[in-house]
1. Of the conditions (1) touching a helix residue (DSSP H, G or I) at 6+ places or on another chain (Cβ under 7 Å); (2) surrounded by fewer than 16 Cβ atoms within 10 Å (Cβ to Cβ); (3) modelled with pLDDT of 95 or more, residue 64 fails just one. Which one is it?
2. Answer with yes or no whether residue 86 is in contact with a helix residue (DSSP H, G or I) (Cβ under 8 Å, 6 or more places away or on another chain), touching a residue at least 40 places away in the same chain (Cβ under 8 Å), outside any loop (DSSP other than H, G, I, E, B) and buried (at least 23 other Cβ atoms within 10 Å of the Cβ).
3. In the range 241-276, which residue that is within 16 Å of ligand 1 (Cβ to nearest atom) and not in a loop (DSSP other than H, G, I, E, B) is farthest from the chain's Cα centre (by Cα)?
4. I'd like the full set of residues that are touching a residue at least 60 places away in the same chain (Cβ under 8 Å) and away from ligand 2 (no atom under 12 Å from the Cβ), limited to the range 263-281.
5. Tell me, yes or no, whether the range 288-298 has at least one residue that is within 12 Å of ligand 2 (Cβ to nearest atom) and either out of contact with any helix residue (DSSP H, G or I) (no Cβ under 9 Å at 6 or more places or on another chain) or touching a residue at least 60 places away in the same chain (Cβ under 8 Å) (or both).
6. Can you name the residue in the range 343-357 that is away from ligand 1 (no atom under 15 Å from the Cβ) and touching a residue at least 60 places away in the same chain (Cβ under 8 Å) and, of all such residues, is farthest from residue 297 (Cα to Cα)?
Ligand code: HEC
Ligand code: HEC
């Protein structure tokens, strides 16, 4: 089931050939957890980014956190999951092991660095051979609560998820999972760790289970906002309090970043659904791409969809790549908003640099030319102080281990917002809801 599908598109073959030709076989230098935030390291051409080390931020945190959802957590752990310390620590080791990549230069942590709240700080991720994909790396923190994984929800479980980057030619570029397993199977420490975790030797299924199990330990709550919710009135600023009210009323964020339209959600900030909110679509010729994708992916297997999402411009089609339904064109998963301050840049394509840019985007109800725009997107008429309040609220969702980073990042984004607000369009924000163009025939 974790095998790369036999149907390969031409794009796959080219990508794999390129992967082989471009391989450098060089070990990347180590980075440290003190990497300056906001300015990802300059990358040498043709090389993967530096390999992050597993430091204290990578350790499974205690569940003793304000706001930790004990019931929900029990409910999202699949029955029969081996949630033991032995399995999780094996998974942690695998998460940081670059031997799972084709040329030994890329680990999961390359793009999900604990020092950056398990993201990479890049607009789109850079993998093996320095190849840039099409999408922004989401955080792994609280990924266990996602009903589906990836921006387009192409898999449901963390186990299925973990198999795809290992073989994706723009990410870790292993020829197969078996190939990755073969590269670590001779390691005596791994043999011992697999045996004590699972009672058998190194194998693909247990490898994926271990990585997923490690990820399920990465729960991240205990934010100033969580302390506010349990009654500590001074845990967040007045601006953040006003922002939280506006989030659920005038700014309409709760229509998607909450479990239901008419309830406040203080836990995961997502409806687990997919929406076209007008990101990226303007920069691409969507109709020809959709026709192409329908043709090429008519019998597409999961690995083919994974390639389309990461390595080709069809990526912009989002959920459509799975469903081939016109209404899903350029629809992406509503992300959880916890730790969002420290996971810039934003959106599936990393196109927005600051939280001010994100709110400016919503404020103008962007999507004049987007016939598939979600009906809930409309001009919001938010004033400058109201925009600042929303950002203050989003910043209050930062877990304590990222407080220092968050403070720095807030200052960086604030300074940027004073000199550059590329998405701001006050006339449109205070104007009428634009007429939505009719979707063209496909
Ligand atoms: C080259 C960079 C890169 C590497 C290496 C990588 N990832 Fe990712 N990861 C991404 C990107 C980009 C996405 C979003 C892709 C998409 O949605 O199509 C992603 C998505 C995810 C998600 C889904 C999160 C969500 O909110 O939907 C999880 C979980 C994840 N990766 C775990 C892993 C694991 C485990 C490994 C190692 C086996 C790994 N990643 C290796 C870049 C990377
Ligand atoms: C119609 C549903 C909808 C509404 C309303 C909505 N969002 Fe979103 N939000 C999404 C979706 C879907 C994405 C991902 C879109 C993409 O990347 O293409 C997203 C992404 C984001 C992101 C980027 C997160 C990241 O990790 O990159 C932030 C921040 C955000 N929304 C905040 C807000 C705020 C603040 C509001 C209210 C002003 C709001 N959203 C209203 C659906 C919505």
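1. The number of the failed condition is (1).
2. Here the answer is no, as residue 86 does not meet what is asked.
3. We begin by selecting, within the range 241-276, every residue within 16 Å of ligand 1 (Cβ to nearest atom); these are 256-257, 267-276.
After this cut, where a residue has to be not in a loop (DSSP other than H, G, I, E, B) as well, the list is 274-275.
On the way: 274: 14, 275: 16 Å.
Going through the qualifying residues, I end up with 275.
4. Correct list: 266, 267, 268.
5. There is no residue in the range 288-298 that is within 12 Å of ligand 2 (Cβ to nearest atom) and either out of contact with any helix residue (DSSP H, G or I) (no Cβ under 9 Å at 6 or more places or on another chain) or touching a residue at least 60 places away in the same chain (Cβ under 8 Å) (or both).
6. 356
Residue-wise test of (1) under 12 Å from the mean Cα position of the chain (by Cα); (2) under 16 Å from residue 100 (Cα atoms).
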site: 143; (1), (2): yes, no
site: 150; (1), (2): yes, no
site: 158; (1), (2): no, no
site: 162; (1), (2): no, yes
site: 170; (1), (2): no, yes
site: 176; (1), (2): no, yes
site: 180; (1), (2): no, yes
site: 183; (1), (2): no, yes
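Results for (1) within 30 Å of residue 254 (Cβ to Cβ); (2) surrounded by fewer than 22 Cβ atoms within 10 Å (Cβ to Cβ), shown as yes or no for each residue.
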residue: 264; (1), (2): yes, yes
residue: 271; (1), (2): yes, yes
residue: 283; (1), (2): yes, yes
residue: 295; (1), (2): no, yes
residue: 303; (1), (2): no, yes
residue: 307; (1), (2): no, no
residue: 318; (1), (2): yes, no
residue: 326; (1), (2): yes, yes
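The values are calculated or read from the model by the stated rules, or taken from the named source; none is laboratory data. Owing to the predicted nature of the structure, the values given are computational and were not obtained by experimental measurement. So basically every Cβ, Gly included, is an ideal-geometry build from the backbone, and we count neighbours across all protein chains shown.
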